[in-house]
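First comes the structure, then the notes that go with it.
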Amino acid sequence: RAFFISLKKMNINKMKFHFVHKSGNKKTGYMPVTYNSRLSCPDSCIFKKENGGGCYAETGYYTRLNWDKVTSGERGGTFKELLNNIKALKPGTIWRACVAGDIPSNNKGEISRTYIKGITEANKGLKGYTYTHNRLDIGENISLLKTANKKGFTVNISTETEAAADNAVLNSLPAVMVVKSTETRHAWFTKNKNKILVCPAQTSGASCIDCQLCQHRPKNLIIAFKAHGNQAKKIDNILDNLK
């Protein structure tokens, strides 16, 4: 066990974390955002470059360039510096973690306690949120994620099927899911009667800072993101091949 704990700490120390005080991204709106090194991306993400691609952070021009620099160490700072930047935000500020990157985990897929607990603590009095492709069925991942959500740091479980989204909700965790670019519905229900709502940014043009559903909503409301941009066809094909 001590070996795995040290692995988690080692990964954190190897990574760079970039804090942006005000994002210029029109979709998010002008809110603080963070980037984590590519080392933070779990193998369980089906859109990871090594798994065939589809990751939006790899294709968005400015996002990718910034992520490249964070990953190479040209930009960003230590985890401690990241936490200090978050703590310095005004109370009530909404902010997004991991515009690129994910919650760090070790080579077994176990989420870093140091990272998730540190971010959750720094987020006190704030409205932070993020998404993760880390698996729920490994180690204490579910427990760590549930604790973070209960304490106000919203971690949305990224899924690609209704069954996986239902499973996240069953575990009292907020879920989001990717759907095909050809999806025409704006809202529907899963087999478990959880409501799926297509992201308002895609249906009405709302920005994240105006919508805020990914930061706070009923647990049984699943947010769907339609595949879009130059990765839409690739993502559609990936979703078609899922069992």
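The values are calculated or read from the model by the stated rules, or taken from the named source; none is laboratory data. Predicted model only: the values in this text are computed from it and were never measured. All Cβ positions, glycine included, derive from the backbone under ideal geometry; neighbour counts span all protein chains shown. Heads up: the accessible areas ignore ligands, DNA and RNA and are worked out on the full protein's heavy atoms, side chains in. Shrake-Rupley method; radii C 1.70, N 1.55, O 1.52, S 1.80 Å.
Give the ranking of LEU145, LEU136, LEU170 by solvent-accessible surface, highest area first, calculated with a 1.4 Å probe.
Values: LEU145 0, LEU136 25, LEU170 135 Å².
Highest to lowest solvent-accessible surface, that is LEU170, LEU136, LEU145.
Among the DSSP beta bridges whose two residues both lie in region 122-243, what percent are antiparallel, rounded to the nearest 5? Don't jump to the answer; show the numbers that get you there.
Numbers: 3 of 18 bridges.
DSSP beta bridges in region 122-243 are roughly 15 percent antiparallel.
Probe 1.4 Å, all protein chains in place: accessible area of ASP137 in Å², nearest 10?
About 110 Å², rounded to the nearest 10.
Compare TYR115, TYR35, TYR61 by solvent-accessible area with a 1.4 Å probe and give them largest first, with all protein chains kept in place.
Working: TYR115 0, TYR35 25, TYR61 130 Å².
Sorted by accessible area, descending: TYR61, TYR35, TYR115.
Kindly report the accessible area of region 154-222 per residue (heavy atoms of protein chains, probe 1.4 Å, no ligands, DNA or RNA), in Å².
48
Probe radius 1.4 Å, ligands and nucleic acids left out: which of THR182, THR34 has the largest accessible area, and how do the rest follow? Intermediate values should be presented prior to the final figure.
Values: THR182 95, THR34 0 Å².
If we order THR182, THR34 from most to least accessible, we get THR182, THR34.
Report the Cα centroid-to-centroid distance between region 103-133 and region 31-70 in angstrom, as an integer.
Taking the Cα centre of region 31-70 as reference, the centre of region 103-133 is 17 Å away.
Aspartates and glutamates within cross-link reach of LYS16: Cα-Cα under 20 Å, excluding same-chain residues under 8 positions apart?
ASP43, GLU58, ASP68, GLU74, GLU81, ASP102, GLU110, GLU121
Are there GluC sites (Glu not before Pro) in region 138-243 that DSSP marks as loop and that have at most 13 other Cβ atoms within 10 Å, and which are they? Let's see the in-between values first.
Details: sites: GLU140, GLU160, GLU162, GLU183; in loops: GLU140, GLU160, GLU183.
Here the GluC sites (Glu not before Pro) that fit, given the DSSP loop and packing criteria, are GLU140.
Can you give me the solvent accessible area of MET15 with a 1.4 Å probe, rounded to the nearest 10 Å²?
Accessible area, nearest 10 Å²: 10 Å².
With each run of n ≥ 4 DSSP H residues scored as -39500 (n - 2.57), what mean residue ellipticity at 222 nm is computed for the chain after dividing by its residue count and rounding to the nearest 500 deg cm²/dmol?
-9500 deg cm²/dmol, from helical runs alone.
According to a simple spin-label model (label point 7 Å from Cα along Cα-to-Cβ), what is the distance in nm between ASP210 and THR147?
3.8
If R₀ is 30 angstrom, what is the calculated FRET efficiency for the pair LEU197 and THR59, using the beta carbon separation as r and rounding to 0.05?
Details: r = 25 Å, r/R0 = 0.83.
Between LEU197 and THR59 the formula returns 0.75.
May I ask for the angle, rounded to the nearest 10°, between helix 61-72 and the longest principal axis of the chain, with both axes built from Cα atoms and the value confined to 0 to 90°?
Here the helix axis deviates by roughly 30 degrees.
Using a probe of 1.4 angstrom, how much of the accessible area of the chain is carbon and sulfur, in percent?
With neighbouring chains kept in place, the figure for the chain is 52 percent.
Roughly what would the spin-label model give for ASP43 and GLU140, points 7 Å off Cα along C-beta, in nm?
If labels sit at ASP43 and GLU140, their model points lie 2.3 nm apart.
Holding the Cα-Cα limit at 24 Å, pick out from LYS87/LYS151; LYS26/LYS193; LYS26/LYS90; LYS87/LYS226 the pairs that are longer than that.
Details: LYS87/LYS151 15 Å; LYS26/LYS193 33 Å; LYS26/LYS90 22 Å; LYS87/LYS226 33 Å.
Going by Cα-Cα distance, LYS26/LYS193; LYS87/LYS226 fall outside the 24 Å limit.
Compute the length gained on full extension between THR114 and ASN237: take 0.36 nm times their separation in residues and subtract their Cα-Cα distance, giving the result in nm to one decimal. List each step's numbers first, then the result.
Working: separation 123, 0.36 × 123 = 44.28 nm, distance 3.65 nm.
Separation in residues times 0.36 nm, less the Cα-Cα distance, equals 40.6 nm.
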